[in-house]
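None of the figures in this text is laboratory data; all of them are computed from the coordinates on show. Keep in mind the model is a prediction, meaning the values are calculated, not measured. Quick reminder, even Gly has a Cβ in these numbers, built from the backbone with ideal geometry, and neighbours come from all protein chains shown.
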Amino acid sequence: MFFSVSMEVKVAMMGKERKVMLKDDATGEDLLNALKLLPDGVLIINDDNPIPYTSKLKNGDRIKIIRVASGG
């Protein structure tokens, strides 16, 4: 029998921090989906480094989400 183990990551965004529960093989994209954010408008920072949306997250990761704005 297979059980999916959940993991918890801490997410800081716009001066607030929250805990998010994800499946054990979650990626940055899964995190954005859980937060209802579009990948085009944000950067995901893990351990002070930007990471691709396809990067696997680990239990206990501390993630920063930075909204990106551009103008013309």
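Points worth noting:
- Structural descriptor for the chain: relative contact order 36 percent, calculated from alpha carbon pairs under 8 angstrom and at least 6 residues apart.
- Relative to the compact-globule estimate of 2.2 N^0.38 Å, the Cα radius of gyration of the chain comes out at 1.13.
- Which of Thr54, Thr27 has the fewest Cβ neighbours within 10 Å, and the rest in rising order: Thr54, Thr27
- What you get for the chain, charging only the Cβ of Lys and Arg (+1) and of Asp and Glu (-1), is a dipole of about 280 debye around the Cα centre.
- A straight Cα-to-Cα reach below 19 Å connects Lys16 with the aspartates and glutamates Glu8, Asp47, Asp48, Asp61, residues fewer than 8 places away in its own chain not being considered.
- 3J(HN,Hα) from dihedral phi, the stretch 51-60, Karplus parametrisation 6.51/-1.76/1.60, rounded to Hz, x for glycine, proline: 10, x, 5, 8, 5, 6, 9, 10, 4, x
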